[in-house]
Amino acid sequence: MSPDTASRVPSPESRSLPIAVLASGRGSNLEALIAARDEGRADIDIVLVAGDKPHARALRLAEEHGIASLALDPSGFANRADYDRALLDRIAAHGARLVVLAGFMRILDGGAIAPWNGRIINIHPSLLPKYRGLHTHRRVLKAGDTEHGASVHFITAELDGGPLIAQVRMPVLSGDNEESLAKRLLPLEHRLLSLAVAGIAEGRIVWTPEGVLFDHQALDQALLVGPEGLTAA
Ligand code: GRF
């Protein structure tokens, strides 16, 4: 453990929510969470950044910020379930109580995630339930949609199918292409994810047998990102 990491281990009385971030690539959502933590917008302690790609920028970013990082190579495991269980065991060993999938390009095994029900969230660049899976910007353009956005949801065994927490919406403009949509959406994703994680850390957002609750009220639609933060739709 680097000295930097050691200094961030929460004291026993600290109430910051210990989280792990899983990422396979660039890590801009991780950066947004680090900024939210540092600026006091999310009461979180990022205890681990893990991923399947040893050269991912996200893992480098973690190291630069003194956060423990782990690259776990899937090829060393017999199957997906074994890999996922090993990864989640390592995450648990770091004390994380919430796992944030931020550009983690693997589908998690249903059995492996069962003990983590309600404690793993994902950010997805579409207005779910539209466009689960890949190439969301391309599919929005192909469909001629006038609106696009991103979603944060609790994960289940169904790809991009778990209960919605919050969404951010933006118009599709004439002349938009995949690149322009992705570029305009990304900063909105960062705000969405930071707000959702902050809401979970504050105990305002929970997934219970009654559904996703926000301030004790069951949501029948995703929360929306407004100028003041998350609001009921
Ligand atoms: C984001 O668009 C996120 O919605 C998707 O993958 C991308 C990850 O970007 N799941 P980054 O690695 O956080 O920059």
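Within the stretch 124-139, the residues that satisfy the criterion of being under 18 Å from residue 182 (Cα atoms) and surrounded by fewer than 19 Cβ atoms within 10 Å (Cβ to Cβ) are 130, 132, 133, 134, 135, 138, 139. Report whether or not residue 43 is open to solvent by 30 Å² or more (accessible area, probe 1.4 Å) and in contact (Cβ under 8 Å) with a residue 24 or more places away in the chain. Criteria met by residue 43.
Residue 206 falls short on exactly one of the conditions (1) outside any strand (DSSP E or B); (2) within 19 Å of residue 43 (Cα to Cα), and that condition is (1). In summary, residue 113 fulfils each of the numbered conditions (1) within 17 Å of the chain's Cα centre (by Cα); (2) closer than 28 Å to residue 211 by Cβ; (3) within 13 Å of the ligand (Cβ to nearest atom) with the single exception of condition (3). Among (1) more than 11 Å from the ligand (Cβ to nearest atom); (2) surrounded by fewer than 17 Cβ atoms within 10 Å (Cβ to Cβ); (3) farther than 17 Å from residue 72 by Cβ, where does residue 26 come up short? Going through the list (1) more than 11 Å from the ligand (Cβ to nearest atom); (2) surrounded by fewer than 17 Cβ atoms within 10 Å (Cβ to Cβ); (3) farther than 17 Å from residue 72 by Cβ, residue 26 breaks only (1). Out of the residues in the stretch 140-174 meeting the condition of being charged (D, E, K, R) and more than 20 Å from the chain's Cα centre (by Cα), tell me which one is surrounded by the fewest Cβ atoms within 10 Å (Cβ to Cβ). The qualifying residue surrounded by the fewest Cβ atoms within 10 Å (Cβ to Cβ) is 142. Scanning the stretch 132-148 for residues that are at positive phi and touching a Leu at 6+ places or on another chain (Cβ under 6 Å) yields nothing. Could you check, for the stretch 57-66, whether at least one of its residues is open to solvent by less than 20 Å² (accessible area, probe 1.4 Å), touching a strand residue (DSSP E or B) at 6+ places or on another chain (Cβ under 6 Å), of a type outside the set (Gly, Ala, Ser) and not in a strand (DSSP E or B)? Taking every residue of the stretch 57-66 in turn, at least one turns out to be open to solvent by less than 20 Å² (accessible area, probe 1.4 Å), touching a strand residue (DSSP E or B) at 6+ places or on another chain (Cβ under 6 Å), of a type outside the set (Gly, Ala, Ser) and not in a strand (DSSP E or B). Kindly indicate the residue of the stretch 29-38 that is more than 19 Å from residue 182 (Cα to Cα) and charged (D, E, K, R) and also nearest to the ligand (Cβ to nearest atom) among those meeting that condition. Taking the candidates together, the pick is 37. Please verify whether the stretch 185-193 includes one or more residues that are acidic (Asp, Glu) and open to solvent by 30 Å² or more (accessible area, probe 1.4 Å). The answer is no, given that none of the residues of the stretch 185-193 is acidic (Asp, Glu) and open to solvent by 30 Å² or more (accessible area, probe 1.4 Å). Screening the stretch 67-110 for residues that are open to solvent by 30 Å² or more (accessible area, probe 1.4 Å) and within 16 Å of the ligand (Cβ to nearest atom) and picking the one that is farthest from residue 22 (Cα to Cα) gives 107.
The values are calculated or read from the model by the stated rules, or taken from the named source; none is laboratory data. Every value quoted in this text rests on a predicted model; they were computed, and no experiment measured them. Note that each Cβ is placed from the backbone with ideal geometry, even for glycine, and that neighbours are counted across all protein chains shown. To get the accessible areas, we keep the full protein, side chains included, count just its heavy atoms, and leave off ligands, DNA and RNA. Shrake-Rupley method; radii C 1.70, N 1.55, O 1.52, S 1.80 Å.
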